Amino acid sequence: MSAPDWLHDAVFYQIFPERFANGDPSNDPRGVVPWDSEPTPDNFFGGDLAGITGRLDHLTELGVNALYLTPIFKARTNHRYDAEDYFSIDPALGDEAAFTSLIDAAHERGIRVVLDAVLNHCGKTHPYFRDVVEREADSEYVDWYYIEDFPVVNAPTPNYRTCSGCEYLPKWNVHHPDVRRHHLSVAEYWIDRGIDGWRLDVPYFINMNFWRRFRQTVKAKGDDLYIVAEEWREPEPWLAGDTADGTMNYTLRDLILGFTADRTVDAFSLVKGLNELRDRIPRGFHHGMLNLLGSHDTERLITRHGLDVDFELIAYDIMYACQGAPMLYYGDEVGMRGANDPGCRGGMIWDTAQWNTKILDHLRFLGRIRGRSIALRRGEQSLHAIDADTLVIMRCHAEEDLAVLVHRGPGTRVDFRELPSADSGSWTDTDSGELHEGGVTFQGAGSRFLKRGRGQ
């Protein structure tokens, strides 16, 4: 068992569809606010699928070849984690033709599309739950949920099980065979419509036997289909080969940001933590890990770094250097700011005059480097601390070695004899082509991507 091979070469981009781009104002919901408004839990900006389709070139310029969309199915909220119908596109995002156009345009550019599987709960406006509210014990769906008493009430405390106490998110009873059939048919339906995988929302709230059935259903449609589980702490339960191909790598995120943003982790602790994480992940699943530094559930990356761009770039360098598929959260590449939800869900900035081009140019550079370096995509990984502020991430492949030197201090000199390689030798800068012999000097915080062909 192993994760799909294409993940070795993947660079993901996450989009919150309501806030990325408005490509078709004719489907705007009522009360849409101006695009540059402050995001709130309830307001709508008018982003849609046509807007994503029209901006795919922006993704390819970043080296992106995989897209993860938060929910797109019919719902009442702007985040759409409260589905009303899992088999239809939310009208405010477009219609079936808009979805097909997006899939076709993405695939033409070599971009795979992964959707969000929100199967722990639905919205309280889902017709099946509404039927239970109205017909109570006589509803054919009464056992599809966990109803404690009648009448069904949601305030001050709901008398039915929910997701994390949110009264508008009633929990599905996935032990019921009809619920399982419904959920598995959702997985099949959208795969047949052209998607390339599923991200599992709060999968830890559902029993593992269901996810084993889910994997069997998905993989029966194609071994290359990707399943990635949302997981914030322990990845191992999802990497036994019978549920997911990888997890959202929040553990890696915590370690990196501890080093670059919070300064609670030095290079020795960072290397120890990343090496331990590597050892915890079973062989064959390292490339299936979805590495991230920001998402719709976290503060913006530049905000977390106190607007310090140089240290944000170091964080990206470490993420791209590590095994796993790197993921960018929309807008972080141009320096969007914002606290956690709802602040991290603002309208994408398309006015290039407002872009932080230093961040954007660097991420385009990282995309190019990843595309050109087989060691960075498929090499074995080892990490070593040189001092408290400096580390090296080695990626070694039969064709080449890549050394990523990272320094967060005021400056230092790294002697190549300190690198964990067979000999000190010479290394070539992957960007400039400059040959370095003996070592490299840092004038301040930053990184160096150095390569060496085998046999040099």
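The values are calculated or read from the model by the stated rules, or taken from the named source; none is laboratory data. Bear in mind the structure is a predicted one, so any value in this text is a computation, not a measurement. Virtual Cβ from ideal backbone geometry, glycine too; neighbours counted across all protein chains shown. Heads up: the accessible areas ignore ligands, DNA and RNA and are worked out on the full protein's heavy atoms, side chains in. Shrake-Rupley method; radii C 1.70, N 1.55, O 1.52, S 1.80 Å.
Looking only at segment 196-251, how many residues end up being in contact with a strand residue (DSSP E or B) (Cβ under 9 Å, 6 or more places away or on another chain), part of a loop (DSSP other than H, G, I, E, B) and polar (S, T, N, Q)?
The total comes to 1.
If only one of F259, F210 is among the aromatic types (F, W, Y), farther than 15 Å from A117 by Cβ and over 18 Å from the mean Cα position of the chain (by Cα), which one is it?
F259
Suppose we filter segment 194-220 for residues that are surrounded by 15 or more Cβ atoms within 10 Å (Cβ to Cβ), farther than 21 Å from D5 by Cβ and among the basic types (K, R); how many remain?
1
Exactly one condition in (1) touching a residue at least 24 places away in the same chain (Cβ under 8 Å); (2) closer than 30 Å to F12 by Cβ; (3) open to solvent by 10 Å² or more (accessible area, probe 1.4 Å); (4) not aromatic (F, W, Y) is not met by E380; state its number.
(1)
Among the listed residues A187, A244, A229, identify the single one that is within 24 Å of A98 (Cβ to Cβ) and either of a type outside the set (F, W, Y) or without any contact (Cβ under 8 Å) to a residue 24 or more places away in the chain (or both).
Exactly one residue qualifies, and that residue is A187.
Can you give me the number of residues within segment 349-393 that are among the acidic types (D, E), out of contact with any strand residue (DSSP E or B) (no Cβ under 9 Å at 6 or more places or on another chain) and over 18 Å from N65 (Cα atoms)?
Of the residues in segment 349-393, 1 are among the acidic types (D, E), out of contact with any strand residue (DSSP E or B) (no Cβ under 9 Å at 6 or more places or on another chain) and over 18 Å from N65 (Cα atoms).
If I go through segment 296-318 residue by residue, how many of them are closer than 22 Å to P235 by Cα and crowded, with 22+ Cβ neighbours inside 10 Å?
The total comes to 3.
Residue by residue through segment 23-44, note down the ones that are surrounded by 13 or more Cβ atoms within 10 Å (Cβ to Cβ) and within 22 Å of the chain's Cα centre (by Cα).
Passing the criteria: only P39.
For the structure I just gave you, tell me whether A244 is within 22 Å of N209 (Cα to Cα) and either open to solvent by 30 Å² or more (accessible area, probe 1.4 Å) or not hydroxyl-bearing (S, T, Y) (or both).
yes
Which condition number in (1) open to solvent by 50 Å² or more (accessible area, probe 1.4 Å); (2) modelled with pLDDT of 95 or more; (3) touching an Asp or Glu at 6+ places or on another chain (Cβ under 6 Å) is the one that R161 fails?
(3)
Among (1) in a helix (DSSP H, G or I); (2) crowded, with 16+ Cβ neighbours inside 10 Å, there is one condition A97 misses while meeting the rest; what is its number?
A97 satisfies all of (1) in a helix (DSSP H, G or I); (2) crowded, with 16+ Cβ neighbours inside 10 Å except (2).
I'd like the full set of residues that are at negative phi and open to solvent by 60 Å² or more (accessible area, probe 1.4 Å), limited to segment 164-176.
Within segment 164-176, Y168, H175 meet the criteria.
Any idea which residue in segment 325-335 is farthest from S295 (Cα to Cα), counting only those that are open to solvent by less than 10 Å² (accessible area, probe 1.4 Å) and assigned to a loop (DSSP other than H, G, I, E, B)?
My answer is G331.
Results for (1) crowded, with 17+ Cβ neighbours inside 10 Å; (2) in contact with a helix residue (DSSP H, G or I) (Cβ under 6 Å, 6 or more places away or on another chain); (3) modelled with pLDDT of 95 or more; (4) closer than 25 Å to G284 by Cβ, shown as yes or no for each residue.
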position	(1), (2), (3), (4)
L363	yes, yes, yes, no
G367	yes, no, yes, no
G411	no, no, yes, no
S424	no, yes, no, no
L450	yes, no, yes, no
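For residues in segment 290-316 being touching a helix residue (DSSP H, G or I) at 6+ places or on another chain (Cβ under 7 Å) and in contact (Cβ under 8 Å) with a residue 60 or more places away in the chain, which is farthest from L376 (Cα to Cα)?
Checking each candidate, the answer is H296.
What tally of residues in segment 1-22 results from selecting those that are in contact with a Leu (Cβ under 8 Å, 6 or more places away or on another chain) and either open to solvent by 50 Å² or more (accessible area, probe 1.4 Å) or without any contact (Cβ under 8 Å) to a residue 60 or more places away in the chain (or both)?
Result for segment 1-22: 0.
Test E84 against the stated conditions and say whether it is in contact with a Ser or Thr (Cβ under 6 Å, 6 or more places away or on another chain) and either assigned to a helix (DSSP H, G or I) or open to solvent by less than 30 Å² (accessible area, probe 1.4 Å) (or both).
Here the answer is yes, as E84 does meet what is asked.
Considering only residues that are without any contact (Cβ under 8 Å) to a residue 60 or more places away in the chain and either assigned to a loop (DSSP other than H, G, I, E, B) or under 11 Å from A83 (Cα atoms) (or both), which ones fall in segment 106-120?
Answer for segment 106-120, where residues must be without any contact (Cβ under 8 Å) to a residue 60 or more places away in the chain and either assigned to a loop (DSSP other than H, G, I, E, B) or under 11 Å from A83 (Cα atoms) (or both): R109, G110, I111.
So that you can scan it fast, the table gives a plain yes or no per residue for (1) part of a loop (DSSP other than H, G, I, E, B); (2) in contact with a strand residue (DSSP E or B) (Cβ under 7 Å, 6 or more places away or on another chain); (3) open to solvent by less than 40 Å² (accessible area, probe 1.4 Å); (4) not aromatic (F, W, Y):
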residue: R135; (1), (2), (3), (4): no, no, no, yes
residue: D149; (1), (2), (3), (4): yes, no, no, yes
residue: T157; (1), (2), (3), (4): yes, no, no, yes
residue: L184; (1), (2), (3), (4): no, no, yes, yes
